[in-house]
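Worksheet: one structure, shown below.
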Amino acid sequence: MSPWLALVVIGVILLIVGFAGVGKILIWIGVAVLVVGAVLTLLGRGRSSINR
């Protein structure tokens, strides 16, 4: 399981159980990791197509 997905799932579970503060933080960290990973992937693909 990818780390961002695990963080989001754990965050949602904590929100449901009642730990809203911790759950929201984990969800936001998971979303941030997802966005950073997507941007780095897009930049890597763009860089590799330029080098060809």
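Things worth noting here:
- Matching residues in region 33-45 - criterion: being surrounded by fewer than 13 Cβ atoms within 10 Å (Cβ to Cβ) and touching a residue at least 12 places away in the same chain (Cβ under 8 Å): none
- Region 1-47: number of residues that are among the hydrophobic types (A, V, I, L, M, F, W, C) and in contact with a Ser or Thr (Cβ under 9 Å, 6 or more places away or on another chain): 2
Where a number appears in this text, it was derived from the coordinates with a stated rule and is not lab data. In this text the structure is predicted, and so the values were computed from the model without any measurement. Note: ideal-geometry Cβ built from the backbone for every residue, glycine included; neighbour counts use all protein chains shown.
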